[in-house]
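The values are calculated or read from the model by the stated rules, or taken from the named source; none is laboratory data. Quick caveat, the model's predicted, so the values are computed rather than measured. Cβ atoms come from the backbone with ideal geometry, glycine included; neighbour counts cover every protein chain shown. Accessible surface is based on the protein model in full, side chains and every heavy atom, while ligands, DNA and RNA are left aside. Shrake-Rupley method; radii C 1.70, N 1.55, O 1.52, S 1.80 Å.
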Amino acid sequence: MPTLDLPKHLMGYLTDMYLKDMKPAWVRLDASGEHIAEMGGDWSVYCDGTPSIGNPADDLNPVLMGLFPMPDDFRLSQIEGDNERYFDIDIIQHDGCWVMFSDVTSITLRLQKMQQATNSLHLKYSRSQQILERHVGQPVVDKVHAGSYTLKAEGIRQYITTMFIDVRNFTVFNEAHDAQVVMTTINAYLDIILDEVLNHQGIIDKVTGDGAMTVFGVTGEHKHGAEQSAYDAALIMMNRVASHNQERESQGLEAMKIGMGIASGEAVTGVVGTHKRRAFTAFGRHVNLAARLESKAPGGSILLDDPTYQALSDRKGQTFSTVQLTLKGIGDMQAWRNDVTLS
Amino acid sequence: MIQKKVCMLGGFGVGKTSLVARFVHSRFSDQYLSTMGVKVDRKGVDVGDRHVNMMLWDIYGEEANRKVATSYLRGTSGAILVADGTRPETLETTQILLQRLQDTVGDIPSILLINKHDLTDQWAVTDSALDALQAASRPVYLSSAKTGEHVETAFHTLAELMVPS
Ligand SMILES: Nc1nc2c(ncn2[C@@H]2O[C@H](COP(=O)(O)OP(=O)(O)OP(=O)(O)O)[C@@H](O)[C@H]2O)c(=O)[nH]1
Ligand SMILES: [Mg+2]
């Protein structure tokens, strides 16, 4: 041991501790750099029997196939053997070519636990990120991760727009078809609806069997106001649903229309539920109003309360008419109705 | 008999080990046991009237803190690049690995598998992204180690590319 300034007994101690378990075994290759000239160490771990002088070096292990003659130093680490053991192979140039095998099972198994934990954590993290993204959209996910948006249990009071969307005549369809068909059909409609909510930075509060409650303005990402975002989303949904219906009709399937109610006002947004199962939701008078408006909107129409209507900076060329409604628990009110002209 | 070394390359957890297990042993497990260094498995396939013995090097997944060492790539005749279709970022990893492969062994036959195609609900590779990948010269398959979709086809295609008739 030329470089370590250690008395023999300490060197021996270290060797016992670190090297013995590694059961090193080695061969020196002949001048051709391909055949075994000399060997030593404990080969029992790596091969059946001991290698023979004169044999090709790549017979030592299949991973060495085609590697000789090897011009430089080379290392393959943590090769998994058949017996759940791991070994390293080092090729060292020193007056010819030397090949050394060492057993690294115990350290590898320890490292494996750590790597496994890290990788599994990564996989779970990206999975939860994906789920979160599908429920609330990318902008909210980014805010949550940046720490700038937290769902406070006591709730935040803010001005938002709530939109209820419903697939009309679904109950009739439901009763007339097999459950699997019903599921696939409603999912095709919900795909369009939820997609546009997320595209317009809305949050999906809940999905009911045949519709959804969605809110806009919770994260303040709305350049032209939350009301405009909800309205824009509604118009695009109408158009996409119409083309989806055309496709269905061309296949002889029933078409279903959607109706929406949109209202705006103060609400308290936050988390409800026990600590095992929580959900984001919004409470406020206008939330109930939006639900009522939706229930009065015929398929193909949007009903808006006055504050939402007044806040629109761009009506996108649609025509509106006023309607007088008597709503249970709310009383008489004026709302705006738009029978959407498809573009 | 022709022997060919093939490297399985991709990010961690994309399904490299599962694809080899499906192809060689016709089995699948939901359990994740991350590969440490390399495990070599073999399977013979027939290409025309020739028999090719594929030595499949199932290498650990590339990860920010642990890059795939080039020594594992030396002497390889083909590569199966694997991405996870539910994690689009793993497609970028295959690009990085392909570059490292080419820098190490030159331009050799390779194919790209976008795996876990059975997870339709979580699938996150858009059609336009797929079109762009398919426009490149290497074959691309949507695969599943779980159902076996395109697994056999993929390994055979690579074998054919490695021993052209
Ligand atoms: N549903 C599904 N799961 C898969 C598929 N392929 C792999 N998995 C699962 O994904 C996880 C990781 O699979 P592995 O084959 O170990 O991934 P790997 O690429 O070898 O991972 P590393 O060795 O860490 O790089 C396991 O839980 C597998 O069961 C697939 O096609 N479909
Ligand atoms: Mg693996």
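Summary table
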item	result
Scope the stretch A:248-272; condition of a type in the set (G, A, S) and farther than 29 Å from A:L327 by Cβ; matching residues	A:S250, A:G252
Lone unmet requirement of (1) at pLDDT 95 or above; (2) within 14 Å of chain A (Cβ to nearest Cβ); (3) over 26 Å from A:A117 (Cβ atoms) for B:I2	(1)
Condition met for A:S126 (farther than 30 Å from A:T15 by Cα and touching an Asp or Glu at 6+ places or on another chain (Cβ under 9 Å))	yes
B:I80 vs. criteria part of a helix (DSSP H, G or I), more than 12 Å from ligand 2 (Cβ to nearest atom) and among the β-branched types (V, I, T)	no
Pair list, Cβ < 6 Å and 6+ apart or interchain, from the stretch A:73-84 residues that are free of Cβ contacts under 8 Å to residues at least 40 places away in the same chain to residues that are assigned to a loop (DSSP other than H, G, I, E, B) and of a type outside the set (V, I, T)	A:S77/B:G37; A:Q78/B:M36; A:Q78/B:G37; A:I79/B:G37
Per-region count, the stretch A:7-37, residues hydrophobic (A, V, I, L, M, F, W, C) and surrounded by fewer than 15 Cβ atoms within 10 Å (Cβ to Cβ)	6
Sole exception among (1) within 14 Å of another protein chain (Cβ to nearest Cβ); (2) surrounded by 15 or more Cβ atoms within 10 Å (Cβ to Cβ) for A:N83, by number	(2)
Any chance A:Y46 is under 15 Å from B:V40 (Cβ atoms), more than 9 Å from every other protein chain (Cβ to nearest Cβ) and surrounded by 13 or more Cβ atoms within 10 Å (Cβ to Cβ)	yes
Subset of the stretch B:36-61 [open to solvent by 20 Å² or more (accessible area, probe 1.4 Å) and either facing chain A (nearest Cβ under 9 Å) or within 14 Å of ligand 2 (Cβ to nearest atom) (or both)]	B:K39, B:V40, B:D41, B:R42
Of all residues making up the stretch B:6-18, the number that are within 7 Å of ligand 1 (Cβ to nearest atom) and away from chain A (no Cβ under 11 Å)	4
Residue match in the stretch B:130-152 (condition: within 14 Å of chain A (Cβ to nearest Cβ), touching a helix residue (DSSP H, G or I) at 6+ places or on another chain (Cβ under 7 Å) and free of Cβ contacts under 8 Å to residues at least 40 places away in the same chain)	no
In the stretch B:16-31, the residues that are part of a loop (DSSP other than H, G, I, E, B) and either away from ligand 2 (no atom under 12 Å from the Cβ) or within 16 Å of B:V68 (Cα to Cα) (or both)	B:S26, B:R27, B:F28, B:D30
All positions within the stretch B:78-97 that are within 9 Å of chain A (Cβ to nearest Cβ) and not charged (D, E, K, R)	B:T86
Every pair of residues 6+ apart whose Cβ atoms lie under 7 Å, when the first sits in the stretch A:290-316 and is over 17 Å from A:L235 (Cβ atoms) while the second is assigned to a loop (DSSP other than H, G, I, E, B) and open to solvent by 30 Å² or more (accessible area, probe 1.4 Å)	A:R292/A:I330
Enumeration of residues in the stretch B:62-77 that are more than 15 Å from ligand 2 (Cβ to nearest atom), at the interface with another protein chain (Cβ under 8 Å from one of its Cβ atoms) and open to solvent by less than 10 Å² (accessible area, probe 1.4 Å)	none
Condition met for A:D88 (buried (at least 18 other Cβ atoms within 10 Å of the Cβ) and in the same structural domain as A:Y18 (by TED's automatic domain parsing))	yes
Of all residues making up the stretch B:3-14, the number that are within 12 Å of ligand 2 (Cβ to nearest atom), open to solvent by 10 Å² or more (accessible area, probe 1.4 Å) and under 21 Å from B:L161 (Cβ atoms)	0
Selection from the stretch B:32-66 of residues that are part of a loop (DSSP other than H, G, I, E, B), touching a residue at least 12 places away in the same chain (Cβ under 8 Å) and within 14 Å of ligand 1 (Cβ to nearest atom)	B:Y32, B:L33, B:S34, B:T35, B:M36, B:G37, B:Y60, B:G61
Subset of the stretch A:318-333 [open to solvent by 80 Å² or more (accessible area, probe 1.4 Å) and either of a type outside the set (V, I, T) or not assigned by TED's automatic domain parsing to the domain that holds A:M238 (or both)]	A:Q324, A:K328, A:G329, A:D332
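Residues are listed down the side, and each one gets a yes or a no for (1) assigned to a helix (DSSP H, G or I); (2) in contact with a Ser or Thr (Cβ under 8 Å, 6 or more places away or on another chain):
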site: B:R87; (1), (2): no, yes
site: B:Q95; (1), (2): yes, no
site: B:I114; (1), (2): no, yes
site: B:T147; (1), (2): no, no
site: B:H156; (1), (2): yes, no
